[in-house]
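Below is one structure, written out as structure tokens; comments come after it.
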Protein chains: 2
Amino acid sequence: MNCEVVAIGTELLLGQIVDTNSSWIGEQLAMAGINSHHQTKVGDNHGRMVAVLREALDRSDAVICCGGLGPTQDDITRGAIAEVMGVELVRDEAIVERIRAMFGSRGRDMPDNNLLQADVPKGATINPAMPGTAPGLICPLTGDDQGKVIYAVPGVPWEMQQMMIEGILPDLQRRSGFRGAIRSRTLRTWGTSESGLAELLDEEIRRLDETGEATIAFLASGWEGLKVRLTAKAADAPSAEQVLDRHEAIVRGVVGDEIIFGIDGDTMESVVLGMLRQRGWTLSVAESLTGGLIGSRLTAIAGCSDVFRGGVTPYDRALKRSLLGCPDVDAVSEEMALAMAQRVCEVLGTDASVAVTGVAGPDPLEGHAPGDVWIATCINGVASAQFLKLPFGREQVRQFTCIQSLNILRLQLRDLG
Amino acid sequence: MNCEVVAIGTELLLGQIVDTNSSWIGEQLAMAGINSHHQTKVGDNHGRMVAVLREALDRSDAVICCGGLGPTQDDITRGAIAEVMGVELVRDEAIVERIRAMFGSRGRDMPDNNLLQADVPKGATINPAMPGTAPGLICPLTGDDQGKVIYAVPGVPWEMQQMMIEGILPDLQRRSGFRGAIRSRTLRTWGTSESGLAELLDEEIRRLDETGEATIAFLASGWEGLKVRLTAKAADAPSAEQVLDRHEAIVRGVVGDEIIFGIDGDTMESVVLGMLRQRGWTLSVAESLTGGLIGSRLTAIAGCSDVFRGGVTPYDRALKRSLLGCPDVDAVSEEMALAMAQRVCEVLGTDASVAVTGVAGPDPLEGHAPGDVWIATCINGVASAQFLKLPFGREQVRQFTCIQSLNILRLQLRDLG
């Protein structure tokens, strides 16, 4: 069973709207154990829509066609599907009444152009879910494409999603005959390259290629490190989870928790907050280089306030002294970083702290090169510092320093046992 | 001239990553006046990649192939393109040295896997921009596809974008034979809806539809307000700029600078920093609700340090008193916001300040509802406050408060004349 997605809309091609619908549909198909090898975006053009749908049917058993079911002149999906099916559009009076009733329930008359939404390809049935005025269509193919199907859904996300869950996935499951389950698990890593991970996991990758009981994939997620994603197909959910448990253990054994900092929804911030919360410890930050970024990321997490008390951003050199009472030393130095970490713990009364000072660039500062960064942490009055020389641009220096400083604290908390 | 986009990566089909690259590329192509009728996503599978690339070349003159240029086993774009070109992969020693040098500059040895990135299809040239370790490829086709081209770029957005702007768009312009100039200008707005803007600009839009000398487009950019983009095609750049000047004046006259805060690369942060710099004034921030976000966004801008001195994040209520000497009043109140704005100016010794306190949510705080926010500003010792009731989720409350607080300061500085 193989199902692909066709997203309709010139605004998608122009980049005015990011096509999140296809991503959502793709994830649903994957979790349902249905293969999906292609996603296509095409504009509001009859000829191109027909051609794209025919290509999709050549490759796949089912096509989910998203968008272009509205009541306006550029909503031409119904006509394109009818041509691919080789049938006429016929007005479905039952749908007319349903749409009319919907407008009625909102105290409005149905505009005539909404009648267009009741014109459906002959032989099509209606998706059982109809949260809006646009009916979803289930369009069986005949002739050479006998047994294949096109599902048409509106581009409005919540309408599409309800039709997908209540109408399309059950129908696909029936057609596919797949009764099993698919589960995925993502390990978050920090501090190694994609090629480095691939080398470490080379043997495991080959083993999985042979047995095929699970797949492993590396996903770079911007500045946030690399994700290692394990996916298992099995007869039922518990067996799939067992396969994941076994291979997660293998991957953790090879890569180690110095590099693997979390799982699935974890972030470096949430992990560090969690470790501190377990101890009942509080955290403060002293940010020069990052200007508030570390605090901003920590406070993006709901419920952080039981751990994170606050921070100081002595961006101007004089403030390092006046706000924190740091000595009048080189602003980008081990001594300054250590003082910032220690003093912010004392001034804000926290058990732990992170402090960063350095040069984000692009220009040098007081004789220090862009990317020169000192990170210090303080736990129960004991401070330590590390120097980084980062070959990045300004924003990446800031982001990398933020995550790395929290990672240093994470490893120190881990080593406390 | 017709160029389509093929995004490579199983993670895109599985919905683990939303394909924002294709949207960005589509927008760039549209702005450059190059037709783009199809975008396709395909997984890391050699056969399917080859088939999709051949289909794309049947329809279009150029194909931008995004992703799969990394150093791991599942980065197979180079091989697929070579097969479509009907050539071998050959190792480019110059690229080997470039990649080795990049690792060297980061004090690391190049893993052997990265050698794969130096294997390029015979006849391909390298994109002039190479911000990362993955070279971008310009692959001319021969035979039946003579004159057509495949551009390969990495999936890492900032690498892809630099290659697109410096390498691909100029090459496409050359191939398209368009000798004229296309210029765009984007007006940044804050505080109005798309329908509101459309109403204000209704007459101008109709005028442009008739004369066709320029086009106007509204782009929602997430939380950052709406962009109004004017695009003009003319014989040469100066004439295009003149057309833009004329219509920018019309749009500004209708919409006004209370709503239009900047142009092109401006952000609310950069505009406020610029207005303060003109006066030789300094800025500080006191952030409770936003936890450092305002300072983080201000310091993301290179050269901010002549204006931005620093900030205090008294996230914990007690710190509002101990760090800033605020009175012991309701943490989410006008009195507290005013005190924070005034005190942070005094403690940090700045001419102006922004202070925010409120409830990001999802839970209420001390009897205040999520989304209840007090913003205060202080200019030369004179403070004023505004209350916001925001019907958003946690992150949007934080982001909106950040931009809105800076916008309040912008309007106050403007009114000082």
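The values are calculated or read from the model by the stated rules, or taken from the named source; none is laboratory data. Predicted model, so just to flag it, every value in this text is computed and none were measured. Every residue, glycine as well, gets a Cβ built from its backbone with ideal geometry; the counts of neighbours run over all protein chains shown.
Only one residue in B:Gly136, B:Gly132 is buried (at least 19 other Cβ atoms within 10 Å of the Cβ), within 14 Å of chain A (Cβ to nearest Cβ), touching a residue at least 24 places away in the same chain (Cβ under 8 Å) and closer than 30 Å to A:Leu388 by Cα. Which one?
B:Gly132
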Number of the exception - B:Arg309 against (1) surrounded by fewer than 17 Cβ atoms within 10 Å (Cβ to Cβ); (2) without any contact (Cβ under 8 Å) to a residue 60 or more places away in the chain; (3) not aliphatic (A, V, I, L, M): (1)
Would it be correct to say that B:Ser333 is touching a strand residue (DSSP E or B) at 6+ places or on another chain (Cβ under 7 Å), surrounded by fewer than 23 Cβ atoms within 10 Å (Cβ to Cβ) and in the same structural domain as B:Gly291 (by TED's automatic domain parsing)? yes
Could you check B:Thr10 against (1) over 26 Å from B:Thr231 (Cβ atoms); (2) of a type in the set (Ser, Thr, Tyr); (3) free of Cβ contacts under 8 Å to residues at least 40 places away in the same chain and say which number it fails? (3)
Which of the residues belonging to the stretch A:274-305 are charged (D, E, K, R) and under 17 Å from A:Glu395 (Cβ atoms)? A:Glu287, A:Arg297
Is the stretch B:321-338 home to any residue that is assigned to a strand (DSSP E or B), out of contact with any Pro (no Cβ under 6 Å at 6 or more places or on another chain) and small (Gly, Ala, Ser)? no
Are there any pairs, at least 6 apart or on different chains, whose C-beta atoms fall under 9 Å, with the first in the stretch A:256-283 and under 23 Å from A:Val312 (Cβ atoms) and the second part of a loop (DSSP other than H, G, I, E, B) and of a type in the set (Ser, Thr, Tyr), and if so, which? A:Leu276/A:Thr282; A:Trp281/A:Thr350; A:Thr282/A:Thr350; A:Leu283/A:Thr350
Quick one: is A:Leu57 within 30 Å of A:Ser184 (Cα to Cα), of a type in the set (A, V, I, L, M), in contact (Cβ under 8 Å) with a residue 12 or more places away in the chain and within 9 Å of chain B (Cβ to nearest Cβ)? no
Would you call B:Gly67 farther than 29 Å from A:Ala198 by Cα and in contact (Cβ under 8 Å) with a residue 60 or more places away in the chain? no
Identify, please: which residue in the stretch A:51-97 is within 24 Å of A:Gln28 (Cα to Cα) and among the polar types (S, T, N, Q) and is, among those, surrounded by the most Cβ atoms within 10 Å (Cβ to Cβ)? A:Thr77
Any residue at all in the stretch B:242-260 that's within 14 Å of chain A (Cβ to nearest Cβ) and either surrounded by fewer than 20 Cβ atoms within 10 Å (Cβ to Cβ) or touching a strand residue (DSSP E or B) at 6+ places or on another chain (Cβ under 8 Å) (or both)? no
Top-ranked residue of the stretch A:6-23 - restricted to ones that are among the small types (Gly, Ala, Ser) and under 20 Å from the mean Cα position of the chain (by Cα), ranked as surrounded by the most Cβ atoms within 10 Å (Cβ to Cβ): A:Ser22
Residues located in the stretch A:122-167, provided they are hydrophobic (A, V, I, L, M, F, W, C), within 22 Å of A:Asn2 (Cα to Cα) and under 28 Å from the mean Cα position of the chain (by Cα): A:Ile150, A:Ala152, A:Val153, A:Met160, A:Met163, A:Met164, A:Ile165
Do any residues in the stretch A:107-128 that are in contact (Cβ under 8 Å) with a residue 24 or more places away in the chain have Cβ atoms under 6 Å from those of residues that are surrounded by fewer than 17 Cβ atoms within 10 Å (Cβ to Cβ) and assigned to a helix (DSSP H, G or I), where the two are at least six apart or on different chains, and which pairs are they? A:Ala118/A:Val96; A:Pro128/A:Glu166
Taking the stated definitions as given, is A:Gly26 assigned to a helix (DSSP H, G or I), crowded, with 19+ Cβ neighbours inside 10 Å and not polar (S, T, N, Q)? yes
Would you be able to tell me the number of residues in the stretch B:1-27 that are within 18 Å of B:Val149 (Cα to Cα) and in contact with a helix residue (DSSP H, G or I) (Cβ under 7 Å, 6 or more places away or on another chain)? 9
How many residues are crowded, with 19+ Cβ neighbours inside 10 Å and touching a Lys or Arg at 6+ places or on another chain (Cβ under 9 Å) if we restrict to the stretch A:159-185? 3
Can you name the residue in the stretch A:33-52 that is touching a residue at least 40 places away in the same chain (Cβ under 8 Å) and more than 10 Å from chain B (Cβ to nearest Cβ) and is also farthest from B:Gly15 (Cα to Cα) among such residues? A:Met49
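Return the residues of the stretch A:35-55 that are in a loop (DSSP other than H, G, I, E, B) and within 20 Å of the chain's Cα centre (by Cα); say none if nothing qualifies.
A:Ser36, A:His37
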Residues that are within 14 Å of another protein chain (Cβ to nearest Cβ), under 20 Å from A:Arg394 (Cα atoms) and not small (Gly, Ala, Ser): does the stretch A:328-335 have at least one? yes
Filter result (free of Cβ contacts under 8 Å to residues at least 60 places away in the same chain and in a strand (DSSP E or B)) within the stretch B:349-378: B:Leu365, B:His368, B:Asp372, B:Trp374, B:Ile375, B:Ala376, B:Thr377, B:Cys378
Only one of (1) modelled with pLDDT under 95; (2) out of contact with any Cys (no Cβ under 7 Å at 6 or more places or on another chain) fails for B:Leu29. Which number is that? (2)
I need a count of the residues in the stretch B:261-292 that are on the phi > 0 side of the Ramachandran plot and either over 23 Å from the mean Cα position of the chain (by Cα) or loosely packed, with under 15 Cβ neighbours inside 10 Å (or both). 2
In the stretch B:383-416, what count of residues is obtained for those that are farther than 19 Å from B:Glu269 by Cα and either outside the structural domain of B:Gly371 (by TED's automatic domain parsing) or crowded, with 16+ Cβ neighbours inside 10 Å (or both)? 6
Total residues in the stretch A:290-318, condition more than 8 Å from every other protein chain (Cβ to nearest Cβ) and in contact with a strand residue (DSSP E or B) (Cβ under 7 Å, 6 or more places away or on another chain): 1
